[in-house]
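The values are calculated or read from the model by the stated rules, or taken from the named source; none is laboratory data. The model shown is predicted, which means the values in this text are computed figures rather than measured ones. For neighbour counting, all protein chains shown are included, and Cβ atoms are generated from backbone atoms with ideal geometry for every residue, glycine included. When the accessible area is computed, the model is the full protein with side chains, heavy atoms only, and any ligands, DNA or RNA have been set aside. Shrake-Rupley method; radii C 1.70, N 1.55, O 1.52, S 1.80 Å.
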Amino acid sequence: QVQFVESGGGLVQPGGSLRLSCAASGIIFSNYVMGWYRQAPGKQREFVARINSGGVRIEYADSVKGRFTISRDNVKNTVYLQMNNLKPEDTATYYCRARRFWVGPTTDDYWGLGTQVTVSS
């Protein structure tokens with residue numbers, strides 16, 4: 001059974017930093033593209049960042065470029081999202097995703113339960 005343990009969310013002031021972690025089990029972690037998505041109240045879930053299995057191909061949403069950094073540790077089966085210079089519009093529930101392929105259809109696609117990030121003074 002695929003499981004994710006997401007952690008690191010919380011309340012932070014504008015300009016502050018948080019580091020999210022997502023530890024995966026039940027999959028061969030090093031075979032999967034790992035990503036972070038977010039969903040704010042009343043809005044659709046949106047892409048934030050993703051990293052390929054080897055950690056050499058990375059993509060970010062324009063809204064987080066230069067502020068967020070995604071990384072992974074294939075020994076610890078964990079993906080991270082370092083978030084700096086946080087803004088109120090970053091407030092959302094952040095979800096971890098494991099997908100077998102970078103592009104193309106697949107049913108080998110799993111989501112975590114999410115961790116809340118709130119940016120407010």
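Looking at residue 69, is it under 14 Å from residue 32 (Cβ atoms), at pLDDT 95 or above and among the hydroxyl-bearing types (Ser, Thr, Tyr)?
Working: under 14 Å from residue 32 (Cβ atoms): no; at pLDDT 95 or above: yes; among the hydroxyl-bearing types (Ser, Thr, Tyr): yes.
No: the conditions fail for residue 69.
Within this structure, residue 111 passes the test of being closer than 20 Å to residue 7 by Cα, open to solvent by 70 Å² or more (accessible area, probe 1.4 Å) and either without any contact (Cβ under 8 Å) to a residue 12 or more places away in the chain or not β-branched (Val, Ile, Thr) (or both). For residue 106, the conditions (1) part of a loop (DSSP other than H, G, I, E, B); (2) out of contact with any strand residue (DSSP E or B) (no Cβ under 7 Å at 6 or more places or on another chain); (3) among the polar types (S, T, N, Q) are fulfilled apart from (2). The set of residues in the range 38-62 being part of a strand (DSSP E or B) and open to solvent by less than 40 Å² (accessible area, probe 1.4 Å) consists of 38, 48, 49, 51.
For residue 95, indicate whether it is surrounded by 13 or more Cβ atoms within 10 Å (Cβ to Cβ) and closer than 14 Å to residue 7 by Cα. Please lay out each step first, then the result.
Numbers: surrounded by 13 or more Cβ atoms within 10 Å (Cβ to Cβ): yes; closer than 14 Å to residue 7 by Cα: yes.
So residue 95 fits the description; yes.
Filtering the range 63-82 to residues that are closer than 16 Å to residue 117 by Cβ, in a strand (DSSP E or B) and basic (Lys, Arg) leaves nothing. Take the range 63-90 and flag every residue that is in contact with a Lys or Arg (Cβ under 9 Å, 6 or more places away or on another chain), open to solvent by less than 60 Å² (accessible area, probe 1.4 Å) and among the charged types (D, E, K, R). If the condition is that a residue be in contact with a Lys or Arg (Cβ under 9 Å, 6 or more places away or on another chain), open to solvent by less than 60 Å² (accessible area, probe 1.4 Å) and among the charged types (D, E, K, R), then 67, 90 are the ones that fit.
Quick check, is residue 19 open to solvent by 30 Å² or more (accessible area, probe 1.4 Å), assigned to a strand (DSSP E or B), in contact (Cβ under 8 Å) with a residue 24 or more places away in the chain and not hydroxyl-bearing (Ser, Thr, Tyr)? Show your work before the answer.
Working: open to solvent by 30 Å² or more (accessible area, probe 1.4 Å): yes; assigned to a strand (DSSP E or B): yes; in contact (Cβ under 8 Å) with a residue 24 or more places away in the chain: yes; not hydroxyl-bearing (Ser, Thr, Tyr): yes.
Answer is yes for this residue.
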